[in-house]
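Heads up: the structure comes next, in structure tokens.
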There are 2 protein chains.
Amino acid sequence: MAKPHEGPYPERIEPFDLATILPQLEHPEQLELLGRLSPSRVAETLGHLRPEEQYRILHHLPEAVARAVLNEMPSDDVADLLLALHARQRAQLLDWLPDDYREKVVALMSYPENTAGSLATVGYIAVREYWTADEALGHVRKVGREADVVYYVYVLDALGRLVGVTSLRDVILAAPGTPVRDLMKTNVIQVQADTDQEELTRLVQRYDLMALPVVDSGGRMVGVVTVDDVLDVIEEETTEDVHRMAAVEPVAEPYLEASLVTLFRKRVVWLLVLFVAGAFTSTVLRHFEEFLSKVVALALFIPLLIGTGGNAGSQAASLVTRALAVGEVGTRDVARIIWRESRLGLALGLALGAIGIVRAAILGVESDIALTVGASQVVIVAWASVVGATLPVIGRRLGADPAIFSPPLVTTAVDGVGLIIYFEIARYMLGL
Amino acid sequence: MAKPHEGPYPERIEPFDLATILPQLEHPEQLELLGRLSPSRVAETLGHLRPEEQYRILHHLPEAVARAVLNEMPSDDVADLLLALHARQRAQLLDWLPDDYREKVVALMSYPENTAGSLATVGYIAVREYWTADEALGHVRKVGREADVVYYVYVLDALGRLVGVTSLRDVILAAPGTPVRDLMKTNVIQVQADTDQEELTRLVQRYDLMALPVVDSGGRMVGVVTVDDVLDVIEEETTEDVHRMAAVEPVAEPYLEASLVTLFRKRVVWLLVLFVAGAFTSTVLRHFEEFLSKVVALALFIPLLIGTGGNAGSQAASLVTRALAVGEVGTRDVARIIWRESRLGLALGLALGAIGIVRAAILGVESDIALTVGASQVVIVAWASVVGATLPVIGRRLGADPAIFSPPLVTTAVDGVGLIIYFEIARYMLGL
């Protein structure tokens with residue numbers, strides 16, 4: 001054997017980089033490049049491509065090579081690939097897998113997307129609790145080349161139930177005759193196969209794990225989710241949150257590859273919802289139309305006042321949304337949050353109200369209008385801060401994703417009342 | 001030895017959970033609980049607390065125990081703790097470390113926050129390339145108990161320069177006499193100690209690493225950053241981005257623990273910037289004041305029209321910002337982005353313009369005003385989409401963090417011109 005890392009030159013290129021290059025090459029070039037790699041290297045490279053691209057490449061490789069590559073791919077990748085194919089293509093690839101492996105892959109395919117089961121690979125190492133450390137190490141030596149995870153060694157009983165976990169380190173450091181039973185930890189951090197992937201990432205982050213075992217409802221081992229899959233899930237979930245934070249339904253495809261129809265649908269939904277909610281501002285202004293026609297100067301400050309209110313509300317909402325997401329606050333803290341935001345909102349409002357008066361004075365409006373602008377700014381900012389901070393907490397309590405309390409939504413939610421505040425203060429100050 | 005995981009009952013509780021419980025206990029209870037744990041378990045638990053809390057606990061433990069715990073802590077945690085202390089406390093703790101370890105920790109302390117060097121631990125395993133696999137495994141057995149990372153084995157030359165890396169798996173699977181030279185990979189993915197932590201997380205994500213070696217400018221090994229630290233960095237960076245996306249300067253402290261003064265400062269900065277930029281809307285409206293006084297009904301739709309424009313611009317901005325962040329698009333794609341957004345913006349504008357006309361009709365305004373509202377909505381949404389998508393690209397080219405192109409900023413940027421579009425179209429349609 002020897003030199004596993006020192007093959008011909010493409011073998012030294014990182015799989016991620018190969019995957020970046022591959023789609024830029026013509027077919028014969030792709031085959032020429034892949035032909036210089038070991039099947040396990042090709043499998044790793046395919047792991048960075050999307051299922052359709054994986055299939056296109058497998059399809060063009062000589063069948064013997066394609067079979068070898070498929071058998072080297074982690075079982076979660078194989079399951080994802082098969083799920084993306086048409087029935088006939090799927091049957092062909094399934095046919096290439098050895099019987100026992102095929103069974104496991106088919107089992108993984110039954111778990112819905114975004115669950116722990118769909119992310120799990122069966123390439124873990126299992127030992128029995130009555131084995132010695134030496135026997136366990138011998139087993140690792142036998143199956144380690146094929147495994148996707150070797151640093152944890154899982155202990156299963158005769159029925160395949162997960163009863164403990166130990167690490168390759170502990171196996172190596174133990175005296176050879178030590179039974180695995182004495183090396184294993186029995187309260188294993190694990191998840192059910194139908195656990196949502198977001199919950200799973202939280203466990204890996206908290207408990208500093210490199211892999212998390214997945215079991216079925218009977219406690220039988222299904223597979224393990226590795227930390228690199230967790231990193232991918234985090235990237236995916238962050239993208240969803242960033243999209244939601246700007247009132248876009250999450251778009252799964254890369255921006256330049258998503259069809260215009262998809263982008264249109266993901267955006268128009270929220271634009272329409274916000275338009276309908278925002279239409280309340282026209283109703284409010286209609287109500288004050290006569291008043292406005294007497295003092296047109298009031299109109300000059302409408303965008304500025306409600307814009308600032310929206311900004312203050314958005315700030316409060318996103319601070320609280322993030323604090324909820326990482327578990328710094330819970331719904332039980334709602335009173336403390338309101339108390340903080342009332343004081344903060346008032347302080348921020350006073351600062352902005354002061355420069356609001358200056359701004360109005362510069363425009364040369366009458367002094368009672370300038371004072372109206374200043375006073376309204378104080379109240380609007382304070383009010384928007386409290387509302388912005390409270391909405392995500394209420395949303396969480398109702399079971400909604402707090403990320404939907406985006407700046408656009410918060411802004412829309414506070415605009416109408418902001419206008420009422422402005423005109424009521426104006427009515428009072430101007431004595432109309 | 002035996003049973004490392006089966007000590008007295010608190011030993012079976014996860015460090016993360018112990019760290020959650022500890023701050024809720026009184027001092028004597030804390031000491032009683034910690035007294036039942038091994039020093040390495042206490043060290044792991046402290047790793048989940050902040051430096052001030054770590055010190056408070058170390059300070060109250062019997063000195064011999066505290067020394068042992070400190071020596072079990074990963075060196076990056078020790079460096080962070082020491083940096084947070086006053087000179088006298090720091091001197092005391094430094095005194096508890098063995099000479100050679102102290103030197104390494106002091107070296108780590110010299111790297112600025114948020115760099116790879118500040119995250120690195122010196123608890124890695126180093127071997128020489130002329131050792132055999134068997135010698136390397138023997139070395140792992142000798143030092144593995146103390147190490148923070150055992151699944152990678154780093155190969156250093158006589159000067160401490162990183163020349164290769166291999167895995168514990170390859171060492172175990174190799175024939176005993178195989179020289180390490182034949183097992184190692186020489187093009188090691190590595191970072192300089194002053195590399196920004198964001199760049200570091202990108203490498204770990206791309207190349208599916210569990211630890212990333214950090215070297216100094218001479219190529220000498222400084223330490224390794226482990227994937228659990230990378231997960232913490234990602235959480236921290238995501239918090240920063242979420243805050244920036246709502247125009248808040250990133251707040252490092254948990255929401256309920258940050259002082260009101262801190263929260264005020266982090267928020268008022270952006271509110272003032274946006275206020276000043278938004279004040280342009282008053283100038284625009286002042287320009288059209290006479291016109292507005294003749295047709296007050298136009299004012300009814302100001303918040304709705306520019307609000308929708310802001311929403312459309314925010315959507316485009318955040319799609320492009322995220323695509324830039326994950327590398328799906330680059331600044332070279334600016335023409336394609338503008339071309340996509342022109343068409344999308346027009347389609348979205350037509351949809352919203354149509355319901356804008358309906359909304360105006362419901363309010364019972366004259367038909368030429370309703371048509372003005374509809375036409376303006378088309379142009380404003382199209383224009384805002386293009387501007388929103390372009391700003392992050394321009395920002396990236398100028399070296400700014402695209403996350404600052406938040407919905408509040410984009411909304412403010414498009415409001416003024418939105419008003420000009422509205423009133424110019426009105427002037428044309430109403431023939432004034």
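Every number in this text was worked out from the coordinates using simple rules, so none of it is lab data. This is a predicted model, so every value here is computed, not measured. Positions of Cβ are backbone-derived with ideal geometry, glycine not excepted, and every protein chain shown enters the neighbour counts.
Things to note:
- Taking amide H as placed 1.01 Å from N in the peptide plane, A:Val153 has its amide H under 5 Å from the amide H of A:Thr166, A:Ser167, A:Leu168, each at least 5 places away in sequence or on another chain.
- Alpha-carbon centroids, the range B:287-343 and the range A:180-214: separation in whole Å: 45 Å
- Shielding of A:282-289 by partner chains, average beta-carbon count, 10 Å: 5
- Between identical copies, the spacing of A:Ile420 label points, each set 7 Å from Cα toward the C-beta atom, reads 3.5 nm from nearest to farthest.
- Once backbone amide H atoms are built at 1.01 Å from N, A:Gly123 has A:Ser75, A:Asp148, A:Val224 as its partners under 5 Å, excluding neighbours fewer than 5 places away on the same chain.
- Summed side-chain charge close to B:Leu203 - residues other than B:Leu203 whose Cβ falls under 12 Å, Lys, Arg +1, Asp, Glu -1: -4
- For B:Gly138, neighbours were defined as the other residues whose beta-carbon sits under 14 Å from its Cβ, and their charges (Lys and Arg +1, Asp and Glu -1) total +2.
- Gain upon complete extension [B:His287, B:Asn187; 0.36 nm per residue less C-alpha separation]: 29.5 nm
- Gyration tensor analysis over the Cα atoms of the range A:200-298 returns equivalent ellipsoid semi-axes of 48, 17, 13 Å (largest first, whole Å).
- Between the range B:77-128 and the range A:218-270, the alpha-carbon center distance in angstrom: 39 Å
- Computed P(r) (all Cα pairs; the range A:125-226; 10 Å bins; percent): 16, 48, 31, 6, 0
- Unit charges on C-beta of K, R, D, E only; dipole of chain A, Debye: 1300 debye
- A DSSP coil position with no more than 12 other Cβ atoms inside 10 Å describes the following GluC sites (Glu not before Pro) in the range A:219-282: A:Glu257.
- D (Stokes-Einstein, µm²/s), Kirkwood Cα radius, the range B:279-430, 0.692 mPa s at 37 °C: 207 µm²/s
- 10 Å Cβ neighbours from other chains, averaged over peptide B:226-239: 4
- Cut-off 14 Å between beta-carbons: net charge of the residues surrounding A:Ile380, Lys and Arg +1, Asp and Glu -1: -3
- Over the protein assembly as shown, all Cα pairs binned in 10 Å intervals from 0 give whole-percent P(r) values of 2, 11, 19, 22, 18, 13, 9, 4, 1, 0, listed from short to long.
- Each principal axis of chain A carries a Cα extent, and these read 92, 55, 37 Å when sorted largest first.
- Spatially near lysine pairs across chain B, Cα under 29 Å, sequence gap of 8 or more or different chains: 4
- Relative contact order for the range A:1-146, counting Cα pairs under 8 Å that sit 6 or more residues apart, in percent: 18 percent
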